[in-house]
Protein chains: 2
Amino acid sequence: MAFEMTFDGINKSGPKIILVAPQLDQNLGKVARAMLNFGLWDLRLVSPQCDWLSKSARALSAGADGVLEQAKVYPSLEEATADLGYVLATTVRPRDMIKEVYTPRQALVASQEAIDRGQGIGYVFGPEKCGLDNRDIALCNAIVTVPLNPAFSSLNLAQAVVIMAYEWYQTQGGSSSETSPVSKPKLSDTDPLATKEEIHGLVIHLDDELKKAGYYRTAHKRPLMLQNLSNLFHRFSMTRQEVRTLRGVVSTLVNPHGIYSRMTRRRAEKAGADPKKEKDTP
Amino acid sequence: MAFEMTFDGINKSGPKIILVAPQLDQNLGKVARAMLNFGLWDLRLVSPQCDWLSKSARALSAGADGVLEQAKVYPSLEEATADLGYVLATTVRPRDMIKEVYTPRQALVASQEAIDRGQGIGYVFGPEKCGLDNRDIALCNAIVTVPLNPAFSSLNLAQAVVIMAYEWYQTQGGSSSETSPVSKPKLSDTDPLATKEEIHGLVIHLDDELKKAGYYRTAHKRPLMLQNLSNLFHRFSMTRQEVRTLRGVVSTLVNPHGIYSRMTRRRAEKAGADPKKEKDTP
């Protein structure tokens, strides 16, 4: 019912709202309401810690039940963002990480390249109590922070969603734009940005080869070292072709002159992959 | 206490938030929180229908009790706005009245003249259930309407305040330009951005290893392939440490478990380089 009632106002190309381990069902209701207020529909929940279809969540959605009912649940942020081209981590705290930090308005400019290519974008929000951890932030292209009174800067989850959704809606012709986003220098149209899944693929490929090569001197060092590498590759906006190029580079370095090519190919064929695909040249 | 704690972040020339006949104490708590989030302090209540100092209002203010405690109560909107130079009525419904209707962003431009003259401005919000009546709207200079999904346009009072306060705060130098990030990737003093020379070093290192590994199938393909790789790494803003990390990755991949380490070291020592330096971990 809610779906039919509200479907008209929905913009399917709007940002996906991704909540990592949300804790309070009331907040989910308010988030759904805020999303629908600004024509957003795609809600993604990573390991939710509460019932997003509870009576209380539905009541606070104030008629946006449809958003809650359509919400998709994922076991990890990797999976929740796999199909997206550009993903922003929302956080109020400065992090000791090498990432661009944008205001909500700037974030839309930064997302424009992916939007122009018809690729999905996502805003990731952390658990109410602690926010996103560094591992999750490392999977995002950049950070978006709502400028707040530094003396009082705790923003409620639903209100953070309101602001992000509101800013996005401003660019949808709903209001006269004083701030039409400047689009970035364009890469060729036939060469789309890599999806998060493709970047994950590169990081996993590299991790796998580094493990075999003894890069991680001790097991306990691996998580941080891997996070640093992950942060590096997710931060760069790479095209699909560039990801393939880097995978080809890694494959060549570990297998010079295709010495192990027959063995590798047999292993890969068993696993259903096509090893030639990974060796694309730049 | 709350006053002292938060006074630093307050901008006394910010818009006054004027609530006409608010009905729910929880909303008052949330409004106070939203105000303080964006450095607003002056809350005015016209004939409040609930207790703005209730336990529930205080709890939902999340520490912005000071705003509730300082709130002034007025018997009419005329009195609540008497000292102000420019007043905007917030409403989501188009009214049968001859008044300018602004978006929140445009409203700030419209208010600027009063602000420039050192006069106070105010945003007026109506009761939760019915909004402002025409008599109240007639007392205001103009109308401000948050652009919303026409199919789902009921905005919670606190969220309307969030948006108005947020837009105002954007003009306060809290955020800088609309296109360049608030903060470039945060780098500690000991971890500067790599110089072009260091990026060249990485590219040459990689080129060297790729040549040895037979990556460039034919010699004439090399210039373009190398140019693509070079373009990739120069486009990314990497720190010096990240360049070292990537060089460590390349070194490890071509020399798993340091199998050739003695040979490499001897070669490197001949060339005047310290191969250990290249194996820095991330």
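The values are calculated or read from the model by the stated rules, or taken from the named source; none is laboratory data. Everything numeric in this text was worked out from a predicted model, so none of it was measured. Neighbour counts are summed over all protein chains in view; Cβ atoms, including those assigned to glycine, are modelled from backbone coordinates with ideal geometry. Note: areas computed on protein heavy atoms with side chains; ligands, DNA, RNA excluded. Shrake-Rupley method; radii C 1.70, N 1.55, O 1.52, S 1.80 Å.
Of the residues making up the range B:31-51, those that are open to solvent by 10 Å² or more (accessible area, probe 1.4 Å) and facing another protein chain (nearest Cβ under 9 Å) number 1. Looking across the range A:206-254, the residues that are open to solvent by less than 30 Å² (accessible area, probe 1.4 Å), more than 8 Å from chain B (Cβ to nearest Cβ) and not in a helix (DSSP H, G or I) come down to A:Tyr216, A:Thr239. Could you list all residues from the range A:10-23 that are buried (at least 19 other Cβ atoms within 10 Å of the Cβ) and more than 25 Å from A:Ala138 (Cα to Cα)? Result: A:Ile10, single match. Applying the criterion of at least 3 residues that are within 16 Å of the chain's Cα centre (by Cα) to the helices (runs of 4 or more DSSP H) found wholly in the range A:65-169 leaves A:77-81, A:104-116, A:134-137. Looking only at the range A:31-40, decide whether some residue is within 18 Å of A:Gln159 (Cβ to Cβ), hydrophobic (A, V, I, L, M, F, W, C) and not in a helix (DSSP H, G or I). For the range A:31-40, residues within 18 Å of A:Gln159 (Cβ to Cβ), hydrophobic (A, V, I, L, M, F, W, C) and not in a helix (DSSP H, G or I): present. Of the residues making up the range B:231-244, just one is within 13 Å of A:Glu242 (Cα to Cα) and at pLDDT 80 or above, namely B:Phe233.
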